[in-house]
Amino acid sequence: MKMNLKIGLAQINSKVGDLKLNFEKISKFIQLGKKHKVDLLCFPELALTGYPPEDLLLNKQFLKSIDIAVKNLEKITKEMNVVIGYPRQINKKLFNIAGVFIKGKLYKEYKKFQLPNYGVFDEDRYFEKGVESTTFTIKNRKIGITICEDIWVDTKIINKRINDDNIDLLINLSASPYSIDKQKKRLTILKAISKKNSIEICYCNLIGGQDELVFDGNSMILNKDGAVVASAKEFDEDLLIKNINFQKNKSRIHLPNKGNDYYLKEVLSALSLGLKDYVYKNNFAKVLLGISGGIDSALVASIAVNALGKKNVLGLALQTKYNSDKSLELAKKLSKNLGFKLKVLNIQNIFENTNQLLTNGIYGKTTWDITEENLQSRIRSNILMATSNKLGYLLLSTGNKSEISIGYSTLYGDSAGGIAILKDIPKTLVYKLSKFYNRLYPTNLIPKEIILREPSAELKENQRDLDSLPPYRILDKILELYIEEEKSLKEISSTLKINKSIVSEIIRKVNNNEFKRRQSPPGIKITTKAFGRDRRYPMTNGFIDA
């Protein structure tokens, strides 16, 4: 007789490469599953190793350690039925595997057959494709397994397997990183498969930050009608448990009406989790950053305080005569509002002495140009990095995607740091996030004057960003079409009704500054195409889109 199944989805935060830590976490969640008497407990894709392991998968000792860990999984799965993701070498071929452990025995291993090799994914570099479907039975319920991309590319294959294998429940183990609107895309795919085949689906996703990537969780269970009947937390570890009644499971949960600006909350959560995990997983405890009185450093400081706590954030305001009194006033107000410590240093003498040394000793008296502007920025980075070295704090870079795209930053200056939180956040989104942050945390406000003031690098008298750049609302639209949508000069000009010469100049700046981006810190992926893993252009590049 076919019976109900009590399913558990263990949405865990793995640390790439730390098999011991991950094994301990898996063991903890297995004990929780046992306590709740689940019939089947599922873990995410590559939960044992973390995702993505990258070239660790080419390390022979790492692969041997995985084999040992898989054998030890048999010891901790006694009295339990568990499906868990890990990589493993079989007959000298490496596979992305979902291992099925039945009462302490490795019963079957399903091998992922759709290997993503685009954007942030490089699975073809490491893995062989699986060929066969895999099923197993619990309480007379036939269960099929898929891993992440298996359901994304060609649903016809999955639909055929579901019907050929005559399964009652489909499991999908995932390590699906966050980007704006990603959850909508997942839900659309899962609903389509569920409704097409009239089948229950359990989707178990990873959470946590791993270098540039953030995994948002959002594990869920769908009924035969494609309705979500249970949903795990966003951006947090969780054990989702649901008793599935295959015959009468018509219940559903009412997903909250998230509204048009809910994505801003998701983005802030992703940035916060990405920073927190990057800091702690790399054995730092505290961070520091330069506080300018501008909106970028204000938002970075706000995210850092939210992620790490105010006692773990240090701000340095490094002043020259080109910094206005208003900037320092706002920097102090931000520090007071958020509760982090701010140190103020005047670096005018250092700048003048260094400039004089260079003038007298190397290139003689010249007219003021970008050299003097960059020198100020590099002096600041020297002080920030010296503080980082002495105190052991991680330096946060505060540049945004708009600036980084066109090279509006100083190499070895304001681009210096261990991580650039806003690297994938356009300037227009910086403003939206800052306003939304103030709605979320009204007692820790970013001063309104910071949000309203005109942006400036303050590296010379009366400097404004608009002196060098188009308005950000125009610049960001051009950048989105060129970088994320890969539109041509002609298409961008036509779509935005903007003169070709303006678009051409922006494209030229993007292409000419690849060398800066290669030397910039990693940043957290938020959009559909981030710099780094997503977009890999050559530094030496003669192509011109005319």
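Read the figures in this text as sums done on the coordinates, not as results from a lab. This one's a predicted model, so the numbers in the text were calculated from it and none came from an experiment. So basically every Cβ, Gly included, is an ideal-geometry build from the backbone, and we count neighbours across all protein chains shown.
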*What residues have an amide H closer than 5 Å to that of residue 229, excluding those fewer than 5 places away on the same chain, when H is modeled at 1.01 Å from N in the peptide plane?*
221, 222, 223, 253
*Using label points projected 7 Å from each Cα along Cα→Cβ, tell me how many nm separate residue 467 and residue 545, to one decimal.*
3.0
*Fewest to most neighbouring Cβ within 10 Å: what's the order for 241, 492?*
241, 492
*What length, rounded to one decimal in nm, is gained on full extension from residue 188 through to residue 236, with 0.36 nm per residue of separation minus their alpha-carbon distance?*
15.0 nm
*asked:* Pairs of alpha-carbon atoms within less than 8 angstrom and 6+ residues apart define the contacts here; what relative contact order does the chain have, in percent?
replied: 11
*asked:* To check you understand DSSP bridge types, tell me what percent of the beta bridges within region 5-246 (both residues inside) are antiparallel, rounded to 5.
replied: 70
*May I ask which residue of 38, 119, 189 lies farthest towards the positive end of the charge dipole of the chain, with charges of +1 (Lys, Arg) and -1 (Asp, Glu) on Cβ and the Cα centre as origin?*
38
*Please give, to one decimal in nm, the separation of the simple spin-label points placed at residue 129 and residue 61, each 7 Å out from Cα toward the Cβ.*
3.5
*Say each of residue 89 and residue 460 gets a label point 7 Å from the Cα, pointing the same way as Cα to Cβ; how far apart are those two points in nm?*
5.8
*asked:* Which of rounded, prolate or oblate describes region 5-246 when judged by the alpha-carbon gyration tensor and an a/c cut-off of 1.5?
replied: rounded
*What dipole magnitude, in Debye to the nearest 20, does the chain give about its Cα centre under +1 on Lys/Arg Cβ and -1 on Asp/Glu Cβ?*
1880
*Based on other C-beta atoms within 10 Å, arrange 55, 534 from fewest to most.*
55, 534
*Output the relative contact order of region 387-546, whole-number percent, from Cα pairs under 8 angstrom with separation of 6+ residues.*
29
_Net charge dipole size for region 5-246 [Lys, Arg +1 and Asp, Glu -1 on Cβ; Debye, nearest 20]_ = 940
*What 222 nm value per residue comes from the helices of the chain, counting each DSSP H run with n ≥ 4 as -39,500 (n - 2.57) and dividing by all residues, nearest 500 deg cm²/dmol?*
-11500 deg cm²/dmol
*Within the set 286/343; 108/160; 105/139; 265/448; 281/310; 233/311, which residue pairs have Cα atoms separated by over 23 Å?*
233/311
_Residues whose placed amide H lies under 5 Å from that of residue 419, excluding near-sequence neighbours_ = 397
*Please identify the trypsin sites (Lys or Arg not before Pro) of region 355-401 that satisfy two criteria: DSSP loop assignment and at most 15 other Cβ atoms within 10 Å. Which are they?*
365
*Leading residue at positive end of dipole, region 176-323 (Cβ point charges), from 314, 304, 207*: 207
_Whole-Å distance, taken between Cα centres, linking region 403-479 and region 36-115_ = 44
_Listed residues 387, 357, 374: farthest to the positive end of the dipole of region 330-397 (Cβ charges)_ = 387
*asked:* Please give me, ordered by residue number, the chymotrypsin sites (Phe, Trp or Tyr not before Pro) of region 472-546 that lie in loop per DSSP and have at most 15 other Cβ atoms within 10 Å.
replied: 543
*Expressed as a whole number of Å, what is the distance separating the alpha-carbon centroids of region 185-247 and region 337-390?*
51
_Please report the antiparallel percentage of the DSSP beta bridges confined to region 135-238, to the nearest 5._
60
*Percent antiparallel among DSSP beta bridges (both partners in the chain, rounded to 5)*: 55
*Going by how many other Cβ atoms sit within 10 Å of their own, how do 38, 120 line up, fewest first?*
120, 38
*Count neighbours as other Cβ atoms within 10 Å of each site's Cβ, and list the trypsin sites (Lys or Arg not before Pro) in region 439-504 that are DSSP loop with at most 10 such neighbours.*
497
*With a cut-off of 19 Å, note down the residues of region 519-546 whose backbone N falls inside the zone around a label point 7 Å from the Cα of residue 494 toward its beta carbon.*
545-546
*May I ask you to derive the relative contact order of region 5-246, considering only C-alpha pairs under 8 Å and at least 6 residues apart, and to give it as an integer percent?*
20
*Show the residues, 5+ positions off or on another chain, whose built amide H is closer than 5 Å to the amide H of residue 141.*
3
